[in-house]
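Undergrad: So that we are looking at the same thing, I have put the structure below in structure tokens.
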Amino acid sequence: MTLKEKTTENLENKLKLLKISTGFLAGVSSILFIICLYNLLTREDNSIFRSLIIVPSVLFTIIPIYYGNIKKIKNELNSRN
């Protein structure tokens, strides 16, 4: 189902959900990255944190995709008004 086929109310709900989930994902990824980086620098046995730092790096790549979807939904909502 394309954006043009969805109702305005449905798009507004999806936009709100995307904004919340993007903010949450950015916050959790940042916290995890900082924790991993701190422990990499301060612990002698840092093998767990060396492998764990991949997780926030991958999660950070999802954020631009979410922002692109937010922009598309905003453009569709603006074209309807």
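The values are calculated or read from the model by the stated rules, or taken from the named source; none is laboratory data. Only a predicted model underlies this, so the values are computations on that prediction, with no experimental measurement involved. Positions of Cβ are generated from backbone atoms using ideal geometry, with glycine treated the same way; all protein chains shown enter the neighbour counts.
Undergrad: Every residue in the range 24-49 that is exposed (fewer than 12 other Cβ atoms within 10 Å of the Cβ), in a helix (DSSP H, G or I) and of a type outside the set (G, A, S), please.
TA: F24, I31, I34, Y38, L41, T42
Undergrad: Where residues in the range 50-59 are in a helix (DSSP H, G or I) and surrounded by 15 or more Cβ atoms within 10 Å (Cβ to Cβ), which of them is farthest from the chain's Cα centre (by Cα)?
TA: Among those residues, the one meeting the criterion is L52.
Undergrad: Same structure again: Of the residues in the range 1-23, how many are surrounded by 10 or more Cβ atoms within 10 Å (Cβ to Cβ) and out of contact with any helix residue (DSSP H, G or I) (no Cβ under 8 Å at 6 or more places or on another chain)?
TA: Residues flagged as surrounded by 10 or more Cβ atoms within 10 Å (Cβ to Cβ) and out of contact with any helix residue (DSSP H, G or I) (no Cβ under 8 Å at 6 or more places or on another chain) within the range 1-23 amount to 6.
Undergrad: Looking at the range 1-22, is at least one residue in contact (Cβ under 8 Å) with a residue 40 or more places away in the chain and among the acidic types (D, E)?
TA: Checking the range 1-22: at least one residue is in contact (Cβ under 8 Å) with a residue 40 or more places away in the chain and among the acidic types (D, E).
Undergrad: Going residue by residue through the range 52-74, is there one that turns out to be in contact with a Lys or Arg (Cβ under 7 Å, 6 or more places away or on another chain) and at pLDDT 95 or above?
TA: yes
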